[in-house]
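K.L.:
Take this structure first; my questions come after.
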Ligand code: FES
Ligand code: FES
């Protein structure tokens, strides 16, 4: 089927299968490999992207369901010259280890900061509860989100 | 190295690529014209394979090749012993053992083809309890590689004279402890891309902890020279010991070599759980004696580790468990016996602490029970026995420097006084 997707402020016309997952379209057809697959069943959050500013698991969304929505992947969050405060704080505070959870973590955190600039620790943990990390123990991730929130608020 | 780094925060140089989503894990690599591989795994823990019929799979449009044991030139691999088959020929020893592999134009076709392979299994009773498997009359799981006994490894450690130790003991605590099997559950499921490069070398891109070993095992299994195989380590999405053994490297390499096409393989989370090593569940039988003054005088410990279906690192892991069995405490009379036992459970191997984690449950619980019996505080019980410079361990090692345990416990004393309330 023919669809149009809007990803990272760019429009794409694509031919996809009706049962194709958004995750696969992003990774395989658009080459946006920053979105990861850790489980394929909505458990791990490695495939998190933003859909109209809300964090969703792209492994649970069909590409066709994303038509008409504004999508953002990690590639649209920032770049090396203009990193998002979350990208900076994750590196600076050691919230990145293997990095497989990192894109999803940053997008979940971005969804939170875009609507709440003064999240409490509890609110951060709640917002990130769908993202698993097996390396860091989460503590530094929470601190990185707090640091980024301060920077964005400034 | 500059000492100035100690105590400072160093930015990981790969951090920026990771926060930008640029970093390539193996699943993020694609080669033009690549095929996709999938593996059929056994649903049975112990079975004899009577036959494997791949005709329907091979006939499926889009299938480029079907592989079974007979297509593997040297069908064996393993970190310590080559007791694991690339594709099982006759005897399944655990759930998840690989039986056949398919390479096809798409993942969907490869997985459809896998479902069409017919395996005729003669299901055998399984050995799931390591203490049952240790018995002399238990059926041997690896007669060819490991002989008539399932006891893969036994390390006895003896120091002093335990009988003399018991004679001096005013209190004796005897307990059995058990730890469970754990999966590393690294976040990135195993994935591999294998292809033949412009020089005719087999290149295998993989997230591995052990690239030089992978290279040797791939070369050996395929009958290639070491110099014909290159292993490139991509970003590793967590490992924790679970990527020290071969996963898909040889199967992907074999299919790329035989078809001449790039081959990509990715485990689902389920396949990942079914196929890689686990942490050893251990049974720890501890008997510890101390004097009225709170001095340890004797320890008898029997540690039984479930090696599962293949040896992997089991001897080394159970060696480490044995060496750490006293904990950081000086005990003059010691008798430790540590065993690794083959069963039909998932195979166990390296996982963080590599066998040193499990005995902690036993020796620290024993210290608490002894302290209680003697009316001492748990802290005091430890201070009276902890290693010092000059202590001799159960293996006869004299500790000559850098033994900071007393200082460490003293630094913790104010915190312990709050009964764990850090605020
Ligand atoms: S891959 Fe989507 S939640 Fe794990
Ligand atoms: S950094 Fe490895 S899973 Fe989070």
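Since every read-out is calculated from the coordinates, none of them should be taken as a lab result. Since the structure is predicted, the reported quantities are computational estimates derived from the model, not experimental observations. We place every Cβ from the backbone using ideal geometry, glycine too, and count neighbours over all the protein chains shown.
K.L.:
Can you give the Kirkwood hydrodynamic radius for the protein assembly as shown, in Å, rounded to one decimal and based on Cα pairs?
P.N.:
26.6 Å
K.L.:
On each of the three principal axes of the Cα atoms of the stretch B:218-315, give max minus min coordinate, whole Å, ordered largest first.
P.N.:
Sorted largest first, the three principal extents are 73, 31, 26 Å.
K.L.:
Just counting partner chain Cβ atoms within 10 Å, what average do the residues of peptide A:81-87 show around their Cβ?
P.N.:
Going residue by residue through A:81-87 and averaging, the value is 2.
K.L.:
How far apart, in nanometres, would the label points at residue B:201 and residue B:50 be if each is projected 7 angstrom from Cα along the Cα-to-Cβ direction?
P.N.:
It is 4.8 nm.
K.L.:
Could I ask something else about it? Counting partner chain Cβ atoms within 10 Å of every residue's Cβ in A:29-39, what's the average?
P.N.:
Partner-chain Cβ atoms within 10 Å, mean over residues of A:29-39: 5.
K.L.:
Okay, next question. Using a 10 Å cut-off on Cβ to Cβ distances, tally the other chain neighbours for every residue of B:144-154 and report the average as a whole number. Present the calculation step by step, with values, prior to reporting the outcome.
P.N.:
Details: counts 0, 0, 0, 0, 0, 0, 0, 0, 0, 0, 0.
Mean partner shielding for this stretch: 0.
K.L.:
In µm²/s, what is D for the stretch A:85-153 at 37 °C and 0.692 mPa s, where D = kT/(6 pi eta Rh) by Stokes-Einstein and Rh is the Kirkwood radius from Cα pairs?
P.N.:
For these conditions, the coefficient is 286 µm²/s.
K.L.:
P(r) for the stretch B:262-399: what percent of alpha-carbon pairs falls in each 5 Å bin, starting at zero?
P.N.:
Taking all Cα pairs of the stretch B:262-399, the binned fractions are 2, 10, 18, 17, 15, 12, 9, 6, 5, 3, 2, 1, 0, 0, 0 percent.
K.L.:
Take every DSSP beta bridge whose two residues both sit in the protein assembly as shown, then give the antiparallel share in percent to the nearest 5.
P.N.:
80 percent
K.L.:
Please state the relative contact order of chain B as a whole percent: Cα pairs under 8 Å, 6+ residues apart?
P.N.:
In percent, rounded to a whole number, it is 19.
K.L.:
Identify the residues of the stretch A:1-35 with backbone N under 18 Å of a label point that sits 7 angstrom from the Cα of residue B:108 along the Cα-to-Cβ direction, or state none.
P.N.:
Residues A:1-3, A:14-30 fall inside that zone.
K.L.:
If you take the Cα Rg of the stretch A:2-76 and divide it by 2.2 N^0.38 Å, with N the number of residues, what do you get?
P.N.:
Against the compact-globule rule of thumb, the ratio is 0.96.
K.L.:
Sorted from largest down, what three extents in whole angstroms do the Cα atoms of the stretch B:68-161 have along their principal axes?
P.N.:
Projected onto its principal axes, the Cα set of the stretch B:68-161 covers 67, 27, 21 Å.
K.L.:
Going 7 Å from the Cα of residue B:302 in the Cα-to-Cβ direction, what parts of the stretch B:112-133 have a backbone nitrogen less than 17 Å from that spot?
P.N.:
B:129-133
K.L.:
So for chain B, what percent of the C-alpha to C-alpha distances run longer than 29 Å?
P.N.:
Looking at chain B, the distances longer than 29 Å represent 55 percent of pairs.
K.L.:
Averaging sequence separations of C-alpha pairs under 8 Å and six or more residues apart, then dividing by the length of the stretch A:2-76, give the relative contact order as a whole percent.
P.N.:
It comes to 39 percent, rounded to a whole number.
K.L.:
Of the residues B:14, B:306, B:83, which exhibits the maximal mean-square fluctuation in a Gaussian network model of chain B defined by a 10 Å Cα contact cut-off?
P.N.:
It is B:14.
K.L.:
Multiply the residue gap between residue B:172 and residue B:211 by 0.36 nm, knock off their C-alpha separation, and tell me the result in nm, one decimal place.
P.N.:
9.2 nm
K.L.:
Which of B:159, B:50, B:12 moves the most in a Gaussian network model of chain B with Cα springs under 10 Å?
P.N.:
Sorting by GNM fluctuation, first place goes to B:12.
K.L.:
Now for a separate question. Report the normalised scattering of the stretch B:1-74 as log10 I(q)/I(0) at q = 0.26 Å⁻¹, calculated by the Debye formula with identical scatterers on the alpha carbons.
P.N.:
-1.29
K.L.:
Follow-up question, since we're still on this one. Have a look at the DSSP beta bridges in chain B and tell me what percent are antiparallel, nearest 5.
P.N.:
Looking only at bridges with both residues in chain B, the antiparallel portion is about 75 percent.
K.L.:
Just grab the label-to-label distance for residue A:17 and residue B:397, each label 7 Å out from Cα along the Cβ direction, in nm (one decimal).
P.N.:
About 5.5 nm separates the two model spin labels.
K.L.:
Then there's this: Among bridges DSSP assigns within the stretch B:265-423, what percent are antiparallel (round to 5)?
P.N.:
Details: 11 of 22 bridges.
Among the beta bridges of the stretch B:265-423, antiparallel pairing accounts for roughly 50 percent.
K.L.:
Oh, and also: Which stretch or stretches of the stretch B:125-147 have amide N atoms under 20 Å from the point lying 7 Å from residue B:285's Cα along the Cα→Cβ direction?
P.N.:
Hits in the stretch B:125-147 for residue B:285 at 20 Å: B:128-139.
K.L.:
Let me ask something additional. Answer rounded, prolate or oblate for chain A, using the Cα gyration tensor with square roots of eigenvalues a ≥ b ≥ c: rounded when a/c is under 1.5, else prolate when a/b is larger than b/c, else oblate.
P.N.:
Since a/c reaches 1.5 and a/b is larger than b/c, the shape of chain A is classed as prolate.
K.L.:
How big is D for the stretch B:158-223, in µm² s⁻¹ as a whole number, if Stokes-Einstein is applied with the Kirkwood radius of its Cα pairs at 4 °C and 1.567 mPa s?
P.N.:
73 µm²/s
K.L.:
Continuing with this model, one more query. Using the Kirkwood radius built from alpha carbon pairs, what does the Stokes-Einstein equation give as D for the stretch B:124-195 at 37 °C and 0.692 mPa s, in µm² per second?
P.N.:
185 µm²/s
K.L.:
Sort the stretch B:1-160 into rounded, prolate or oblate with this rule: let a ≥ b ≥ c be the square roots of the eigenvalues of the Cα gyration tensor; rounded if a/c is under 1.5, and if a/c is not under 1.5, prolate when a/b is larger than b/c, oblate otherwise.
P.N.:
Numbers: a/c = 2.93, a/b = 1.08, b/c = 2.73.
It is oblate, given that a/c is not under 1.5 and a/b is not larger than b/c.
K.L.:
Over chain B, with a Gaussian network built from C-alpha contacts below 10 Å, which listed residue (B:249, B:228, B:366) shows the highest mean-square fluctuation?
P.N.:
Between B:249, B:228, B:366, it is B:228 that shows the largest mean-square fluctuation.
K.L.:
Where does the stretch B:306-362 land on the Kirkwood hydrodynamic radius, alpha-carbon pairs, in angstrom?
P.N.:
Numbers: mean 1/r = 0.0841 Å⁻¹.
It works out to 11.9 Å.
K.L.:
Then there is this: Over the stretch A:85-153, what is the mean sequence separation of C-alpha contacts under 8 Å (at least six apart), divided by residue count, expressed as relative contact order in percent?
P.N.:
For the stretch A:85-153, the relative contact order is 51 percent.
K.L.:
Taking 7 Å along the Cα-to-C-beta vector as the label spot, tell me the residue B:227-residue B:415 distance in nanometres, rounded to one decimal.
P.N.:
Using points 7 Å along Cα→Cβ, the separation is 5.5 nm.
K.L.:
For the protein assembly as shown, what is the calculated [θ] at 222 nm in deg cm²/dmol (nearest 500), taking -39500 (n - 2.57) for each run of four or more DSSP H residues and dividing by its residue count?
P.N.:
The per-residue figure over the protein assembly as shown is -7500 deg cm²/dmol.
K.L.:
Could you list B:142, B:77 so that the one with the fewest beta carbons within 10 Å of its beta carbon is first and the one with the most is last?
P.N.:
B:142, B:77
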